[in-house]
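The values are calculated or read from the model by the stated rules, or taken from the named source; none is laboratory data. Please read these numbers as outputs of a predicted model, since none were measured by experiment. In this analysis, Cβ positions are derived from the backbone assuming ideal geometry, glycine residues included, and neighbour counts consider all displayed protein chains.
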Amino acid sequence: MPGQAGSVAPADQPPALSVVIVSYQCGALLEECLGSLKAGLGGLPAEVIVVDNASTDGTPRLVREGFPWVRFEESGANLGFARASNTGMALARGSHLLLLNPDTVTPPGSLRSAVEALEERPEVGMLGCKLVRPDGTFDHAAKRGFPTPLTALAYFTGVSRLRPHSRRLAHYTSGHVDADQESPVDAVNGAFMLVRRAALEAVGPLDEDYWLYMEDLDWCYRFWQAGWPVLYHPGAEVIHVKGGSASSHRSWRSNYAFHRGMWLFYRRHQLPRRSRVVTGLV
């Protein structure tokens, strides 16, 4: 469904929100995402920036012809999520910035509600919303704990599912926080990361050493280090087509990037506190 220019702010006025979307080979999903934004914004002045990582599925033509109010940037190569997101954020003019996956659909008023919630909580640096699957089930990745060797092991072996609300065993998905409970959390999902510009300026952009995966956890970790809390806010709800922006069947490169990202996060934020034995096992 084509978008409308009325969903964006005038060029001579800084918008309340800059929406940054990174796309790669997901034209149909991106079209649905962009088509939902006007309703999601609920009249909130915004700009939309799409950074495309050299898609060959017709995405450039689709966006330029169907959504002329979108600022479309072609990267010329597959830069990965972090670098492409940073490209978009460098162009953004908004008081708040939203990193939004192209495999999302924003129900009426959802983005406006999230921005209003962030504005009402001046101490919060980043806000994540409630993510639900197309069938209405909750996406547990909407709220997460920073992985440790123990909690990652519990999650990937399935042990955490035996105690889904355990603060310790289900820490990776913040199982102790109810899906409908607003709460500070270690991290929110990279599919929806709403940040305050002042916090972004204090923390800095995403770490481009992460090509894909774990850059969102690293960013949240740095927000907390800089004194800007991360909040899970279920009052705003967005539909997330899991795996739509990165295939559920990872390519060799994506699989490598996932495990490299896990190791990079461990090396940067946990290795100094761990013994050589634990590091060897990791």
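Are there any pairs with C-beta distances below 6 angstrom linking a residue in region 181-201 that is under 18 Å from Leu99 (Cα atoms) to a residue that is small (Gly, Ala, Ser) and in a strand (DSSP E or B), with the two at least 6 apart or on different chains, and if so which?
Val188/Gly128; Phe192/Gly128
Exactly one of these conditions fails for Thr87: (1) touching an Asp or Glu at 6+ places or on another chain (Cβ under 7 Å); (2) assigned to a loop (DSSP other than H, G, I, E, B). Give me its number.
(2)
Return the only residue of Leu194, Leu206, Leu217 being out of contact with any Asp or Glu (no Cβ under 7 Å at 6 or more places or on another chain), closer than 21 Å to Ser23 by Cβ and surrounded by 15 or more Cβ atoms within 10 Å (Cβ to Cβ).
Leu194
Output the residues belonging to region 112-136 that are more than 22 Å from Ala39 (Cα to Cα) and surrounded by fewer than 17 Cβ atoms within 10 Å (Cβ to Cβ).
Arg121, Pro122, Glu123, listed by residue number.
Determine whether region 133-142 contains at least one residue that is at pLDDT 85 or above, aliphatic (A, V, I, L, M), within 26 Å of Leu206 (Cα to Cα) and touching a Leu at 6+ places or on another chain (Cβ under 9 Å).
The answer is yes; a qualifying residue exists.
Is at least one residue of region 222-243 modelled with pLDDT under 95 and crowded, with 21+ Cβ neighbours inside 10 Å?
For region 222-243, residues modelled with pLDDT under 95 and crowded, with 21+ Cβ neighbours inside 10 Å: absent.
Regarding region 101-111, can at least one residue be identified that is over 17 Å from the mean Cα position of the chain (by Cα) and surrounded by 22 or more Cβ atoms within 10 Å (Cβ to Cβ)?
no
Can you tell me which residues in region 145-157 are out of contact with any Leu (no Cβ under 7 Å at 6 or more places or on another chain) and at pLDDT 70 or above?
Gly145, Pro147, Thr148, Thr157, listed by residue number.
Taking only pairs six or more apart or across chains, which ones have beta-carbon atoms under 6 Å, a first residue in region 67-88 that is charged (D, E, K, R), and a second residue that is part of a loop (DSSP other than H, G, I, E, B)?
Taking only residues 6 or more apart or on different chains, the pairs are Arg83/Glu208.
Report, by residue number, each residue of region 112-121 that is over 18 Å from His240 (Cα atoms) and either of a type in the set (A, V, I, L, M) or free of Cβ contacts under 8 Å to residues at least 40 places away in the same chain (or both).
Correct list: Val115, Glu116, Ala117, Leu118, Glu119, Glu120.
With respect to Leu98, is the statement that it is in contact with a strand residue (DSSP E or B) (Cβ under 7 Å, 6 or more places away or on another chain) and outside any helix (DSSP H, G or I) true?
For Leu98, the condition - in contact with a strand residue (DSSP E or B) (Cβ under 7 Å, 6 or more places away or on another chain) and outside any helix (DSSP H, G or I) - is met.
Does Ala92 satisfy the condition of being among the small types (Gly, Ala, Ser) and at pLDDT 95 or above?
Here the answer is yes, as Ala92 does meet what is asked.
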